[in-house]
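**Q** Below is one structure. I have some questions about it.
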């Protein structure tokens, strides 16, 4: 239990490449819309950053319904990367995001390396876009549909292309659906990534035993929520020991205690995802809880406790 008592305000700032965040708590892509959807539910200016839902060059309709299913301690989604596309995002969404009072990180996705490069180039000079998060869990149409994030060489190729065209820090979002997540992290670090975020969703399935059909129209979907937290925490701990760049933890983070576990395991920042759906103020509560914890243990800053997990 975190005791809310402190005589001073700890420093919560986080540095990711050239990007400085006021605090380590961001909203995960795909769980917070384009920011405006949560206006009035919490103070957006208090967030470390808003990460918008994934943006592709052209609009995507996504998968047919049903595409969300509740599971024990989590949820499955097969949204299919539905989004308004780059042009509408720039015209319709960015004006609002610019006046939110916090950092804005744009998650990008593509079917080819060239599409990732083009997105990065188009966003490079856009005012209010503070960083890019690269979703490498997408299938590479040039390589038979194998996910970019499943093969180190393919992931590295995407990162090099994005870095060549980007004008902002580049965060690479890693898939957990790999044999060695630390190997993937090192590959994108060597290719120039400024940070890594993990984990993306785990592939899962749910079945209606009466209809004898999958509950999702897409058959499989991405599992998120508290159920994935132990897996995410283990992977963050592994990656933090394997790379020198900042690590951003994602996966089942709903409370300050959850977030602090990731920080102690080596994460410099965290993202709140599924919790946004049932507690829109989760991110704000986590910020307050982290500050209270640092005060309780008389730690001067968040940076002072990153990766301080004891192994004795």
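**Q** Identify the residue in the stretch 23-38 that is over 18 Å from residue 256 (Cα atoms) and in contact with a strand residue (DSSP E or B) (Cβ under 9 Å, 6 or more places away or on another chain) and, among all such residues, is surrounded by the fewest Cβ atoms within 10 Å (Cβ to Cβ).
**A** The qualifying residue surrounded by the fewest Cβ atoms within 10 Å (Cβ to Cβ) is 33.
**Q** Kindly list the number of the only condition in (1) closer than 30 Å to residue 260 by Cβ; (2) touching a strand residue (DSSP E or B) at 6+ places or on another chain (Cβ under 9 Å); (3) part of a loop (DSSP other than H, G, I, E, B) that fails for residue 62.
**A** Going through the list (1) closer than 30 Å to residue 260 by Cβ; (2) touching a strand residue (DSSP E or B) at 6+ places or on another chain (Cβ under 9 Å); (3) part of a loop (DSSP other than H, G, I, E, B), residue 62 breaks only (1).
**Q** Another question about this same structure. Considering only residues that are in contact with a helix residue (DSSP H, G or I) (Cβ under 7 Å, 6 or more places away or on another chain) and either within 26 Å of residue 167 (Cβ to Cβ) or modelled with pLDDT of 95 or more (or both), look in the stretch 5-22 and name the one that is surrounded by the most Cβ atoms within 10 Å (Cβ to Cβ).
**A** 10
**Q** Okay, moving on. Looking at 77, 83, 140, 107 in this structure, which one is touching a strand residue (DSSP E or B) at 6+ places or on another chain (Cβ under 7 Å), crowded, with 20+ Cβ neighbours inside 10 Å and at pLDDT below 95?
**A** Residue meeting the stated conditions: 140.
**Q** Please tell me if residue 206 is over 26 Å from residue 25 (Cα atoms), touching a strand residue (DSSP E or B) at 6+ places or on another chain (Cβ under 8 Å) and at pLDDT below 95.
**A** For residue 206, the condition - over 26 Å from residue 25 (Cα atoms), touching a strand residue (DSSP E or B) at 6+ places or on another chain (Cβ under 8 Å) and at pLDDT below 95 - is not met.
**Q** For the stretch 97-144, how many residues are assigned to a strand (DSSP E or B) and without any contact (Cβ under 8 Å) to a residue 60 or more places away in the chain?
**A** Residues in the stretch 97-144 being assigned to a strand (DSSP E or B) and without any contact (Cβ under 8 Å) to a residue 60 or more places away in the chain: 6 in total.
**Q** Specify which of the listed residues (35, 40) is more than 13 Å from the chain's Cα centre (by Cα), within 27 Å of residue 101 (Cα to Cα) and modelled with pLDDT under 95.
**A** 40
The values are calculated or read from the model by the stated rules, or taken from the named source; none is laboratory data. Being a predicted model, the structure only gives us computed values, none of them experimental. Glycine gets a Cβ as well: all are built from the backbone with ideal geometry, and neighbour counts include every protein chain shown.
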